[in-house]
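Comments concern the structure below.
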């Protein structure tokens with residue numbers, strides 16, 4: 001297991017946890033965190049014992065996005081990113097699970113304020129839980145930055161007008177967890193907030209009972225519906241269905257069901 005300065009990466013049974021660990025800064029993304037997050041996704045994605053991943057934060061905040069103090073000290077976002085490129089040359093990946101090509105199911109558990117770049121992780125999640133005291137706000141335009149990637153990523157979760165309002169109003173208006181649930185950004189609000197980790201773990205364990213290979217193929221097929229046209233997505237979905245017919249889990253699932261026992265799933269297969 002890799003060591004991390006800004007994250008906690010751990011396993012709880014078949015559930016992997018990627019936890020932001022800069023509570024003193026409400027888990028704002030500094031340069032070390034920008035380098036570590038894609039590496040942590042890759043580690044958990046490559047671990048065959050991990051079937052589901054939960055992403056959350058420590059302290060009062062889930063994540064407030066880019067570290068604005070760090071941007072100010074660098075003289076602007078361009079200079080800050082130039083330093084990251086100098087220290088860690090090579091192609092840059094995004095921060096969310098989808099951007100980092102993670103095909104295992106991902107639950108994002110928002111434990112407090114989720115602002116700016118923190119919305120990447122909501123946009124890329126398969127299921128979003130939020131503590132009842134969580135809030136959501138896109139602060140980009142309020143600190144002189146363009147709000148584009150996160151709002152675009154939220155297409156499919158939120159109505160257009162809600163995305164546009166959040167992007168344009170900036171830090172002057174926050175969505176409560178309940179309002180985010182009403183709009184479809186959040187799938188479940190957890191109250192009291194202290195139960196968020198337990199609820200996320202229980203849900204992840206339930207999902208992890210299923211065929212890990214079928215879970216990944218299912219996720220690929222459904223995400224394709226957001227990223228391609230309906231006809232193309234249905235055709236690709238049928239390719240996944242047929243391609244899985246020869247997989248051991250395709251026979252093991254019905255057999256275990258008919259024998260009234262838990263299935264013995266094969267190790268994860270990432271290509272079908």
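Extension gain, residue 266 to residue 206: 0.36 nm times the residue separation minus the Cα-Cα distance gives 19.8 nm. DSSP finds beta bridges in the range 47-154, and of those with both partners inside it, around 0 percent are antiparallel. Shown here: Kirkwood radius over Cα pairs in Å, derived from the displayed model; of the candidates (1) 19.6; (2) 19.1; (3) 20.7, it corresponds to (1).
Using a ≥ b ≥ c from the Cα gyration tensor of the range 107-158 (square roots of the eigenvalues), is it rounded, prolate or oblate, where a/c under 1.5 gives rounded and otherwise the larger of a/b and b/c decides, a/b for prolate? Taking the square roots of the gyration eigenvalues as a ≥ b ≥ c, the range 107-158 is oblate. Taking the C-alpha atoms only, the angle from helix 212-227 to the longest principal axis of the chain is near 50 degrees.
Distance between the modelled labels on residue 251 and residue 142, one decimal in nanometres: 5.9 nm (7 Å Cα→Cβ projection).
Express in whole angstrom the spacing between the alpha-carbon centres of the range 45-80 and the range 179-240. The two parts, judged by their Cα centres, are 21 Å apart. Once the C-beta distance of residue 165 and residue 242 is scaled by a Förster radius of 45 Å, the resulting FRET efficiency is 0.55 to the nearest 0.05.
Which of 126, 101 has the fewest other C-beta atoms within 10 Å, and how do the rest follow up to the most?
With the fewest neighbours first, 126, 101 line up as 101, 126.
Against the longest principal axis of the chain, how steep is helix 77-87, in degrees 0 to 90 to the nearest 10, with axes from Cα atoms? Approximately 60 degrees, to the nearest ten. In the range 105-149, which residues have a backbone nitrogen under 18 Å from the label point lying 7 Å from residue 85's Cα in the Cα-to-Cβ direction? Those under the cut-off are 146. Between residue 49 and residue 228, the contour length at 0.36 nm per residue exceeds the Cα-Cα span by 61.3 nm. Each helix, a run of at least 4 DSSP H residues, gives -39500 (n - 2.57); summed and divided by the residues of the chain, these come to -12500 deg cm²/dmol at 222 nm. Would you please classify the overall shape of the range 158-272 from the alpha carbon gyration tensor, given that a ≥ b ≥ c denote the square roots of the eigenvalues, rounded means a/c under 1.5, and beyond that prolate means a/b larger than b/c while oblate covers the rest? Here the range 158-272 falls in the oblate category. Rounded to the nearest 10 degrees, the angle from helix 160-169 to the longest Cα principal axis of the chain is 30 degrees.
Residues 265, 17, 223 in ascending order of nearby Cβ atoms (within 10 Å, fewest first): 223, 265, 17. Of all DSSP beta bridges confined to the chain, the antiparallel ones make up roughly 25%. Is the C-alpha gyration tensor of the range 17-125 telling us rounded, prolate or oblate? Criteria: a/c under 1.5 is rounded; beyond that, a/b larger than b/c is prolate, otherwise oblate. Oblate, since a/c reaches 1.5 and b/c is not below a/b. In terms of other Cβ atoms within 10 Å, 132, 211 run from fewest to most in the order 132, 211.
Any read-out appearing in this document is the output of simple, stated calculations on the displayed coordinates, not a laboratory observation. All figures in this text were calculated on a predicted structure; none of them were measured in a lab. Cβ atoms come from the backbone with ideal geometry, glycine included; neighbour counts cover every protein chain shown.
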